[in-house]
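The structure appears right after this line, and notes come after that.
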Amino acid sequence: MDRKAISKMLKKDLIRELQKEKKRARRMENLIQARVHRDGLRKQVHEEMNKTEELRQKIAIQDMTIRTSVDTEKRKLTEILDKISEINKCFICRCNYGNEGVHRRASLKCGHLFGETCIYNHLKTNQNCPFCSLPATYIDIRVIIADKYLCTADYLSS
């Protein structure tokens, strides 16, 4: 083999090696780009996880605020229902009124409400309203037929 042939063969081998090296370099470059992209994605995921955690904390605070508000409203409603319940009890015996029977609502001319039997029994021995002490007799008793609850908005708002 002569020098030219050897030189040509070495040149071809060198070119092949250079091409292989270029391919390796491109693959390495692609790997580096993929790693950079992966690292960017990891950073984005981490940021999203932080945002998610912040949102969870905000939601927890809002949830607690809402629960507190609901509990407050529930207490207010319970107080209102208790007031309504008190309004609908006989001043003498503290039992609930009925629309029928012996414990129907009855009022005196002063406007105070009692169970019908209770006010009759009271007036047997006393001649006055048990609430305000104004004079009263059997003639002043008026049976009231009403819905389940008697109350005024003024009383409930106080």
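The values are calculated or read from the model by the stated rules, or taken from the named source; none is laboratory data. Just so we're clear, the structure is a prediction, and the values are computed from it rather than from any experiment. Note that each Cβ is placed from the backbone with ideal geometry, even for glycine, and that neighbours are counted across all protein chains shown.
The table below gives the values:
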{"read-out": "Residue list for the stretch 56-94, restricted to those being surrounded by 12 or more Cβ atoms within 10 Å (Cβ to Cβ) and under 19 Å from ILE141 (Cα atoms)", "value": "ILE87, ASN88, LYS89, CYS90, PHE91, ILE92, CYS93"}
{"read-out": "Lone qualifier among HIS122, HIS103 - being crowded, with 17+ Cβ neighbours inside 10 Å and at pLDDT below 90", "value": "HIS103"}
{"read-out": "Which numbered condition HIS46 fails, given (1) assigned by TED's automatic domain parsing to the domain that holds HIS122; (2) without any contact (Cβ under 8 Å) to a residue 24 or more places away in the chain", "value": "(1)"}
